[in-house]
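Okay, so here's the structure we're looking at.
The values are calculated or read from the model by the stated rules, or taken from the named source; none is laboratory data. Note that this is a predicted model, so its numbers are computed, not measured. Positions of Cβ are backbone-derived with ideal geometry, glycine not excepted, and every protein chain shown enters the neighbour counts. Accessible surface is based on the protein model in full, side chains and every heavy atom, while ligands, DNA and RNA are left aside. Shrake-Rupley method; radii C 1.70, N 1.55, O 1.52, S 1.80 Å.
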Amino acid sequence: MAYIQFPEDFKWGVATAAYQIEGAVRQGGRGPSIWDTFSHTPGKVLNGDNGDVACDSYHRYEEDIALMKELGVNVYRFSVSWPRIFPEGTGKVNKEGLAFYHRMVDKLLENGIEPMCTLYHWDLPQVLQDKGGWDNRETVEAFVAYSELIFKEFSGKIKSWLTINEPWCVSFLSNFIGAHAPGNQDLALAVNISHHLLLAHGKAVARFRDLDIPGKIGFAPNVTWLEPYSRDQEDVEACRRGMGWMVDWFLDPIFTGTYPAFMVDWFAANQAPLQIKDGDMEWIKQPVDFIGINYYESNVGRHNPQGGMLEVESVDMGYKKTDIGWFINAEGFYNVLTFIADKYGEIPIYITENGICINDGVEDGTVNDQRRIDYLKGHIAAVARSLKSGVNIKGYITWSLLDNFEWAEGYSKRFGIVHVNYRTLERTKKESFFWYQKVIGNSWLEV
């Protein structure tokens with residue numbers, strides 16, 4: 001038996017997102033979001049599920065914070081629901097919505113838990129979508145105004161900020177692949193939206209600096225790793241495109257002020273030219289204090305002319321899979337973390353999401369989710385290995401505290417370390433909860 005020790009100041013946390021856990025979608029003055037519309041559209045979400053009730057954390061947040069306190073986390077990463085603050089996207093502020101987040105943040109602080117706030121975790125006000133959504137530059141300005149209000153309102157209370165969660169999902173998964181709200185399937189649209197998301201991020205960061213808000217700010221891209229199946233140049237280039245689509249496309253503009261040329265050319269060849277206006281890249285290239293990294297899976301890839309827009313396909317090498325069908329590969333986590341550090345320097349990194357879908361249920365009052373424990377152990381070990389290799393990782397935040405509304409998968413997929421009975425809303429701590437509690441308490445990993 002061996003032990004891996006983490007730095008004394010290393011942060012441990014859990015994460016959630018507003019639409020996935022809050023419920024109360026028509027309470028407290030909240031307006032509709034694109035996910036309300038999408039989930040109530042027949043055929044869009046598995047089993048016709050929606051976030052109307054979710055985990056009811058809008059009413060049960062104190063119970064959830066008590067769970068975090070028992071767990072021993074330093075950090076809770078949550079998101080603010082934009083339509084709960086601006087029901088019309090802009091204009092009149094919903095004070096009842098602000099009051100809810102003040103109550104929650106105050107309760108976190110009372111319990112010694114640092115709030116890490118994500119400003120945008122996919123719940124765009126529907127009224128803004130009706131005007132073109134992220135394809136419309138007016139949405140960029142609306143986001144900056146919304147961000148400014150939250151910055152001012154919680155200045156001094158919240159000191160860790162993330163502008164946008166997983167811009168790849170907001171742009172390409174939602175507007176090219178069409179699996180998430182609003183469900184478009186247009187590559188040129190998705191490319192334009194990806195640019196507007198980065199522009200919104202950069203302008204919000206600039207506003208944060210102008211307001212002299214105490215604290216630090218970054219954003220949270222989702223990343224993966226694709227290992228080439230062979231040394232064949234076509235395999236290498238196909239995997240480079242797969243990586244470039246998710247990593248370089250969203251990090252290069254922020255750290256270098258340019259988009260990766262090989263991806264710009266590829267999109268243009270697929271009738272999706274990047275459209276940049278004067279001054280855009282200066283806004284986007286705002287210095288950030290840290291980046292959040294969301295990681296779930298990676299795999300081996302190879303060239304296939306029929307492998308979609310990127311002409312790349314995953315190869316099943318026999319890796320175990322999660323209950324959502326994603327490959328388990330902690331080696332890929334280490335590889336992408338060291339890749340990011342090598343390419344972009346010693347920028348501080350928080351692992352803002354990492355977790356696994358395991359659908360184990362309650363038996364005799366317990367949830368024996370050993371596969372989740374094994375996954376977390378392997379991936380936290382990869383974090384330790386990355387630290388030893390010089391990657392500037394400041395903390396690890398697992399996804400998720402609670403089983404919740406898993407977007408297009410509805411309630412069929414469970415990522416939580418706390419089981420939620422969606423009929424009674426009863427919370428049951430899983431075995432992974434107690435395992436993670438031990439890791440946090442000792443700040444070391446037994447391997």
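Contact map, region 354-365: first residue under 30 Å from Pro221 (Cα atoms), second residue among the β-branched types (Val, Ile, Thr) and open to solvent by less than 40 Å² (accessible area, probe 1.4 Å), Cβ cut-off under 7 Å, separation 6 or more or different chains; pairs are Asn354/Thr398; Gly355/Thr398; Ile356/Thr322; Cys357/Thr322; Cys357/Ile324; Ile358/Thr322; Asp360/Val367.
Out of all the residues in region 241-277, which are open to solvent by 50 Å² or more (accessible area, probe 1.4 Å), in contact (Cβ under 8 Å) with a residue 60 or more places away in the chain and part of a helix (DSSP H, G or I)? Within region 241-277, Phe255 is the sole residue that qualifies. Residues to consider are Glu331, Glu313, Glu282; find the one that is open to solvent by 40 Å² or more (accessible area, probe 1.4 Å), assigned to a helix (DSSP H, G or I) and farther than 25 Å from Ile164 by Cα. Step by step, each of Glu331, Glu313, Glu282 is checked, and only Glu331 is open to solvent by 40 Å² or more (accessible area, probe 1.4 Å), assigned to a helix (DSSP H, G or I) and farther than 25 Å from Ile164 by Cα. Restricting the first residue to region 340-351 and requiring it to be in a strand (DSSP E or B), which pairs with a second residue that is open to solvent by 20 Å² or more (accessible area, probe 1.4 Å) meet a Cβ separation below 7 Å and a spacing of at least six or different chains? These pairs meet every condition: Ile349/Asn392; Ile349/Lys394; Tyr350/Lys394. Looking at Lys377, is it part of a strand (DSSP E or B), open to solvent by 10 Å² or more (accessible area, probe 1.4 Å), in contact (Cβ under 8 Å) with a residue 24 or more places away in the chain and more than 14 Å from Cys55 (Cβ to Cβ)? For Lys377, the condition - part of a strand (DSSP E or B), open to solvent by 10 Å² or more (accessible area, probe 1.4 Å), in contact (Cβ under 8 Å) with a residue 24 or more places away in the chain and more than 14 Å from Cys55 (Cβ to Cβ) - is not met.
Collect the residues in region 352-374 that are surrounded by fewer than 18 Cβ atoms within 10 Å (Cβ to Cβ) and either of a type in the set (Asp, Glu) or assigned to a loop (DSSP other than H, G, I, E, B) (or both), keeping them in residue-number order. Hits for region 352-374 are Asn359, Gly361, Val362, Glu363, Asp364, Gly365, Asn368, Asp374. Pairing each residue of region 128-147 that is free of Cβ contacts under 8 Å to residues at least 24 places away in the same chain and closer than 24 Å to Lys95 by Cα with any residue that is open to solvent by 50 Å² or more (accessible area, probe 1.4 Å) and not β-branched (Val, Ile, Thr), provided the two are 6+ apart or on different chains, yields C-beta distances under 8 Å for Glu138/Lys131.
State which residue is farthest from Ser57 (Cα to Cα) when the search covers only region 424-438 and only residues that are outside any helix (DSSP H, G or I) and not charged (D, E, K, R). Across region 424-438, the extreme among qualifying residues is Thr428. For first residues located in region 421-447 and among the hydroxyl-bearing types (Ser, Thr, Tyr), partners that are assigned to a helix (DSSP H, G or I) and surrounded by fewer than 17 Cβ atoms within 10 Å (Cβ to Cβ) and lie 6+ apart or on another chain with Cβ distances below 9 Å form the pairs Ser432/Gln370. In the condition set (1) surrounded by fewer than 19 Cβ atoms within 10 Å (Cβ to Cβ); (2) on the phi < 0 side of the Ramachandran plot; (3) among the small types (Gly, Ala, Ser); (4) in contact with a helix residue (DSSP H, G or I) (Cβ under 9 Å, 6 or more places away or on another chain), Ser155 is compliant with all but (4).
Of the residues making up region 401-432, those that are surrounded by fewer than 23 Cβ atoms within 10 Å (Cβ to Cβ) and not aliphatic (A, V, I, L, M) number 16. Selection of region 88-145 for residues being part of a helix (DSSP H, G or I), of a type in the set (Gly, Ala, Ser) and either within 23 Å of Gly28 (Cα to Cα) or open to solvent by 60 Å² or more (accessible area, probe 1.4 Å) (or both) yields Gly97, Ala99, Ala142, Ala145. Checking every residue in region 193-206 against the condition of being in a loop (DSSP other than H, G, I, E, B) and either within 18 Å of Trp283 (Cβ to Cβ) or without any contact (Cβ under 8 Å) to a residue 12 or more places away in the chain (or both) gives zero matches. Residues in region 43-64 that are assigned to a helix (DSSP H, G or I), of a type in the set (Gly, Ala, Ser) and at positive phi: Gly48 only.
Of the set (1) modelled with pLDDT of 95 or more; (2) charged (D, E, K, R); (3) open to solvent by 20 Å² or more (accessible area, probe 1.4 Å), all apply to Glu446 but (1).
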